[in-house]
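The values are calculated or read from the model by the stated rules, or taken from the named source; none is laboratory data. Here the structure is a predicted model, which is why all the values come from computation and not from measurement. FYI the Cβ positions are ideal-geometry reconstructions off the backbone, even for glycines, and counts take in every protein chain you see. Heavy atoms of the whole protein, side chains included, go into the accessibility calculation; ligands, DNA and RNA do not. Shrake-Rupley method; radii C 1.70, N 1.55, O 1.52, S 1.80 Å.
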Amino acid sequence: MSRLDLVLFHAPSVYDFRERFAMYGPISDVIPSTPIFEMYPLGFVSMVGYLEQHGYHARIINLAVKMLRDPRFDVEKLIARLDAEAIGFDLHWLAHAAGSLDLAEMVKKHHPDTPVLLGGLSATYYHEEIAEHFPQVDYILRGDSTEKPLLALMECLEAGRTPEKVENLTWRDPDGRKHVNPLSYVPGDLDELSLDYGEVVKLVVRHRDLEGNLPFESFMDYPFTALLTCKGCMYNCTTCGGSNFAFRHFCNRERPAFKSPEKIVEEMKIISDYFKAPIFLLGDLRQGGQRYAEAILDNIRRESIDNTVTLELFNPVPEGYMEKIARSCESFTMEISPESHDDHVRRLQGKAYTAREMEETIRSALEHGCEKFDVFFMVGLPGQTPESALDSVEYSRRLLERLGRDGRVFPFIAPMAPFLDPGSLAFEHPRRHGYVRLYTTLREHKEALYQPCWKLFLNYRTRWMTRDEIAEATYEAMIRMNALKRELGITEAEKAERVEAGLTLAREIMHKIDGIIASTDSEAERLQRYRELKAEVERANRSTVYAKRELRTPGGAGIRLKGVLKYLLRRAKLIR
Ligand code: SF4
């Protein structure tokens, strides 16, 4: 392997997930990743692109995907052979607290003199604890945008300078003293930072490594792509670590920053060149104002982007805007997260709209040709009892009977798991919002991820539900939702049977794990008895694949040769 300036590793949530016993349950059922969260943050792509623009050679290695795809893939061997000036890990989602930090330790063991970097929202939140208690990490890049500070740090490392002037950096000096540089790089304009999916193709070709660059395991089957339209949020949903409150307090961001409509559509065009796949525009476009949202839609129309556009709605949409979407996008799908059917619970969660207003939006979207409308409910909310969680399924029946007979409306229900986000209002002020925080520090969250069952990962209970009740209500609600979709013909019978069998088995295994824990204090005996459950757990985990397919948009998705050929041609010209 030739020497690189920076390697960005994406770790699985738990490093030894292939050997360790764990019942992950439904923690990743409504996202494209598997339960080991193999999807790397989008920031990896823009960081690599930014460094390359400035003359550094950087690459991504998605260790999690490599481990998933090849049971014999030897991570330690790859790390030992690595030759890089610096090595980085993401700790964006807290679910990687164990995997990223354990693999960083392995890197330090083999390369004690190589600087190890960490970044992401969770690293930002826990930067002081990381600097004080995790000697395997040398530098923590804080904030929601770290491309420029990363470049400045790379320049310091190259020149052998101490990084006291690098913005957003927490670091230790050679005497082990912690330094917290000001979090002053908070860009109001995101256009300088590109999310160019062509960069991923370039890395695949250059390093002849497809798996190491895949955003998630099933990407080649279904290359679902996403673009960030903004950083920060206008809203304050109680349990969200990406809320206005969280960004203000932990990323120093007073208000959201938006990518310009031109830049967003330029990035969409690049995706469209390479992939015939849905493009998920992350963040409700109307956060930037009605004119901003309409300018994006006008540009999509002007550029004739033929990919399905998935639009995220933070609240209901007026008729005129829906018409505009329908006129601008050749094909579009939508999603909204009311979290609960109950207006009161939704209000406690910080969302001010009513179920009736949401239904109007769904009706209007379907009338304007929306191909699929996903509605996400959650278990573990403020004010939500087990009965209320199950009532969200009953509400879904009424919703589907009224609006979803033709199979375009898809309700989902999943637990708030593995964690209530640190930095969210509920995590910071648990009593005020009816929460009890069970883990607070990074070390506690890291330990939680080694537990044998997802229920024990949960870092919270609420005034209305214990962890046991959250887990029971989750399984019961998911089983009922699956039965409902089958009954109404939204899910094929065979698939629904597999999903039900998987959920029922998973619930039984959870009870068996509870029984093992209650029956003995001996860790060795527990491990022995968990091992006897391993085959069953694998069977239960496999069934979630069927449920996940419902997240896909209609129609096929795949790679477009056009973009790849264009890239190869450009490269051939450069070589000549
Ligand atoms: S959940 Fe709420 S606070 Fe969080 S990003 Fe979405 S709208 Fe913003």
Residue in the stretch 222-243 that is open to solvent by 50 Å² or more (accessible area, probe 1.4 Å), away from the ligand (no atom under 13 Å from the Cβ) and not aliphatic (A, V, I, L, M) present: no
Members of the stretch 356-387 that are touching a residue at least 60 places away in the same chain (Cβ under 8 Å) and either over 18 Å from K485 (Cβ atoms) or among the β-branched types (V, I, T) (or both): V379, G380, L381, P382, G383, Q384, T385, P386
Unmet requirement for F419, which otherwise passes all of (1) within 27 Å of A535 (Cα to Cα); (2) in a loop (DSSP other than H, G, I, E, B); (3) modelled with pLDDT under 95: (3)
Residue within the stretch 208-221 that is of a type in the set (G, A, S), open to solvent by less than 10 Å² (accessible area, probe 1.4 Å) and not assigned by TED's automatic domain parsing to the domain that holds N315 present: yes
Test: residue in the stretch 393-401 that is more than 19 Å from A414 (Cβ to Cβ), away from the ligand (no atom under 16 Å from the Cβ) and open to solvent by 50 Å² or more (accessible area, probe 1.4 Å): yes
Answer from E129, E155, E147 - the residue that is among the charged types (D, E, K, R), at pLDDT 95 or above and more than 19 Å from H57 (Cβ to Cβ): E129
The lone exception for I336 - which of (1) closer than 22 Å to E550 by Cβ; (2) more than 16 Å from the ligand (Cβ to nearest atom); (3) touching a Ser or Thr at 6+ places or on another chain (Cβ under 8 Å) it fails: (2)
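Residue-by-condition table, conditions (1) at pLDDT 95 or above; (2) within 16 Å of the ligand (Cβ to nearest atom); (3) part of a strand (DSSP E or B); (4) closer than 20 Å to G232 by Cα:
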| site | (1), (2), (3), (4) |
| --- | --- |
| K269 | no, no, no, no |
| D273 | no, no, no, no |
| A293 | yes, yes, no, yes |
| D298 | yes, no, no, no |
So L527, is it open to solvent by 40 Å² or more (accessible area, probe 1.4 Å) and out of contact with any helix residue (DSSP H, G or I) (no Cβ under 7 Å at 6 or more places or on another chain): yes
Failed item, numbered, when Q136 is tested on (1) within 21 Å of K446 (Cα to Cα); (2) surrounded by 24 or more Cβ atoms within 10 Å (Cβ to Cβ): (2)
Strands (runs of 3 or more DSSP E) fully within the stretch 31-119 counting 1 or more residues that are open to solvent by less than 20 Å² (accessible area, probe 1.4 Å) and more than 28 Å from V205 (Cβ to Cβ): 116-119
Yes/no for A293 being within 20 Å of the chain's Cα centre (by Cα) and either at positive phi or hydrophobic (A, V, I, L, M, F, W, C) (or both): no
Selection count, the stretch 453-484, where residues are open to solvent by 10 Å² or more (accessible area, probe 1.4 Å) and either part of a loop (DSSP other than H, G, I, E, B) or among the basic types (K, R) (or both): 6
Criterion violated by I140 - all others in (1) aliphatic (A, V, I, L, M); (2) more than 24 Å from the chain's Cα centre (by Cα); (3) within 22 Å of H57 (Cα to Cα) satisfied: (2)
Given (1) open to solvent by 10 Å² or more (accessible area, probe 1.4 Å); (2) at pLDDT 95 or above, number of the condition A246 does not satisfy: (1)
